[in-house]
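The values are calculated or read from the model by the stated rules, or taken from the named source; none is laboratory data. Computed from a prediction, not measured in an experiment: that's the story for all the values here. Cβ sites come from the backbone with ideal geometry, for glycine too, and all protein chains shown count toward neighbours. The area values use the complete protein model at the heavy-atom level, side chains included, leaving out ligands, DNA and RNA. Shrake-Rupley method; radii C 1.70, N 1.55, O 1.52, S 1.80 Å.
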Amino acid sequence: MEKLLRFRVLEGQSLLGKHLDESSLFSSPRWLKVMNGRIEGKNFMFLLEKASCPVMMVHGSILDSPTSYNAYNPYDLMLAEEPVFPINEKIAARRSVLRQVTRREDWFPCLILMWPGYECTMAGQEYSNVQMMRILIREIASWAQSKGLKLIGYLYVPEDKNDFTNVLAEQGYQKFPLTYKSELRLLGNSFDDYINGLKKKQRSGIKREIQFLYEAGVKTEVCPLNESGEDLLRLRIKLVRKYGNYSSLDEEYRRLERLKDAFSSEDLLVARAMADGDLIGFTLFLQHKDFLYAFWTGTDYEHPKSSFVHFDTAFYSVIPKAYRLGIIKIGYGIGHWQGKKRRGCDVTAVDGWLLGIHSFVQMTLKQLKEEY
């Protein structure tokens, strides 16, 4: 290892304070505090130190359970019968064949590297130092091999992180497309500037939706989350269950309390849509410097006036407020990118970069890669 550099592994989502890269929400101490425990298994911080000071780091987790949550379960991402993200027929056919000869258990335990929030980038003062990146990635691989792990996966790596992806490719990792993340860059100074920056068809569609909401009597207010926020949880749970997941009111309440403990009320912005005296939709945003992140959302789709309410709370009503706050970019996370793109978002591919350690996993990944 390069002189004066030291590789360390800290168990837990260690809050490294000033050494973390505060330019990113996902590696900030307050975000890690809120998201503690969201990724199953043992959580670790892998870092390089220079003169006893952490200068580059990435978050990872050892998954022991073959039934870990599908969005970060390498087997499910690569081979699940019901794809986590859309795939074409050719890849689906190859997956079907490989499932006949591949046991789910053969992929575990494994190491996944990603920050809670479905993004994998390096953090720290030297986050862009390619030579340090090479060292850290190599040391992580050696550590994983020493633990008898079957696979290493860097998940949700943005396609535009060229130095990072080049180093992964150099060290034998294979790229597998996963999905897209969406971000809206706010150009100009007002909502009119946002609208005028869109294509004619996009502008017309958005104006029709805003007019529909107005005629339906839907009113959306955007303000800091100063009160308990319990009224949001009912819609939040509906959304979670709509997509086949489970959560309880108590669990979501505890998560909300952690959020309020870590972020000031000024950094928690909620857009509430009301109709006929009822809350029919909301989106809760976190502000981190000049970045706004859509953290939670929910809509009462059974309400007769719910059409376009999600896009009102997530886009139309919050964008004017974002301009006034000096926000430069709004993050909308992964998946469902088509609707976000129609409303002006830039979409960036996020990929899984996998390295098989067990020979059987290596063979499976090689055969699967032939279809990409």
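Can you tell me what share of the DSSP beta bridges in the chain is antiparallel? A percent to the nearest 5 is fine.
The antiparallel fraction comes to roughly 90 percent.
Based on the Cβ-Cβ distance from R138 to A93, what FRET efficiency comes out when R0 is 25 Å, to the nearest 0.05?
The calculated FRET efficiency here is 0.10.
Evaluate the charge dipole of the chain about its Cα centre and quote only its size in Debye, nearest 20, assuming +1 on the Cβ of each Lys and Arg and -1 on the Cβ of each Asp and Glu. Write out the running numbers ahead of the final one.
Working: 51 positive and 46 negative charges, 141 e Å.
Computed about the Cα centre, the dipole is about 680 debye.
Using only Cα atoms, tell me the angle between helix 89-101 and the longest principal axis of the chain; keep it within 0 to 90° and round to the nearest 10.
Between helix and principal axis, roughly 50 degrees.
With unit charges on the beta carbons (Lys and Arg positive, Asp and Glu negative) and the dipole taken about the Cα centre of the stretch 81-127, which residue among I112, A93, Q125 sits farthest to the positive side?
Among I112, A93, Q125, the one farthest towards the positive end of the dipole of the stretch 81-127 is A93.
Suppose a student asked you for the relative contact order of the chain, using Cα pairs under 8 Å spaced at least 6 residues apart; what percent would you report?
Worked out over the chain, it gives 20 percent.
Per residue, how big is the convex hull of the chain when only Cα atoms are used? Give it in Å³. Please report the intermediate quantities before stating the final value.
Numbers: hull volume 54.6 nm³, N = 372.
Enclosed volume per residue, from the Cα hull, is 147 Å³.
On full extension of the chain, what length is gained from N166 through A349, given 0.36 nm per residue of separation minus the C-alpha to C-alpha distance?
This chain segment gains 64.3 nm when fully extended.
So what's the angle, to the nearest 10 degrees on a 0 to 90 scale, between helix 249-262 and the longest Cα principal axis of the chain?
Helix 249-262 and the main axis of the chain meet at about 90 degrees.
Considering only K161, K33, K200, give the residue with the highest GNM mean-square fluctuation for the chain, with springs between Cα atoms whenever their separation is below 10 Å.
Fluctuation is largest for K200.
Please report how far the C-alpha centroid of the stretch 128-186 lies from that of the stretch 261-304, rounded to the nearest whole angstrom.
Their Cα centres are 33 Å away from one another.
Per 10 Å bin from zero, what fraction in whole % of the C-alpha pairs of the stretch 230-372 is there, up to the bin with the longest pair?
The percentages, shortest bin first, are 10, 32, 31, 15, 11, 2, 0.
Given a 1.4 angstrom probe, I'd like the percentage of the accessible area of the chain that is carbon and sulfur, rounded to a whole number.
Working: 8290 of 17340 Å².
So the carbon and sulfur contribution to the accessible surface is 48 percent.
Distance in nm between label sites at S52 and F191, each 7 Å beyond Cα in the beta-carbon direction?
5.5 nm
Can you pull the one-decimal nm distance between simple spin-label points at R342 and E371, each 7 Å off the Cα toward Cβ?
Each label point is offset 7 Å from its Cα along the Cβ direction, giving 2.9 nm.
Full-extension gain between K219 and L4, please, as 0.36 nm times their residue separation minus the C-alpha to C-alpha distance.
My answer for the length gained is 71.5 nm.
W107: net charge of surrounding residues, Cβ under 13 Å, Lys/Arg +1, Asp/Glu -1, itself excluded?
0
Treat every Asp and Glu Cβ in the stretch 274-351 as -1 and every Lys and Arg Cβ as +1, leave all other atoms uncharged, and give the resulting dipole magnitude about the Cα centre to the nearest 20 debye.
Result for the stretch 274-351 is approximately 400 debye, rounded to the nearest 20.
Do the alpha carbons of any pairs in K199/K340; K200/K340; K207/K341; K201/K341; K90/K175; K219/K289 sit beyond 19 Å of each other, and which pairs?
Values: K199/K340 14 Å; K200/K340 16 Å; K207/K341 16 Å; K201/K341 13 Å; K90/K175 17 Å; K219/K289 28 Å.
Flagged as over cut-off: K219/K289.
Which one of C110, C223, C120 has the biggest mean-square fluctuation once the chain is modelled by GNM with Cα springs under 10 Å?
The residue with the greatest mean-square fluctuation here is C223.
Can you show me the helix-derived [θ] at 222 nm for the chain, built from DSSP H runs with n ≥ 4 at -39,500 (n - 2.57) apiece and divided by the number of residues, rounded to the nearest 500.
-10000 deg cm²/dmol
Kindly give Rg over Rh for the stretch 148-278, based on alpha-carbon atoms, with the Kirkwood expression for the hydrodynamic radius.
1.06
Between 0 and 90 degrees, rounded to the nearest ten: what's the tilt of helix 359-369 against the longest Cα principal axis of the chain?
The answer is roughly 50 degrees.
For the chain, set up a GNM with springs between Cα atoms under 10 Å and report which of V97, V361, V84 has the largest fluctuation.
Result for the chain, Cα springs under 10 Å: V97 fluctuates most.
Modelling each spin label as a point 7 Å along the Cα-to-Cβ direction, I'd like the L325/K207 distance in nm, to one decimal.
Modelled inter-label distance: 2.8 nm.
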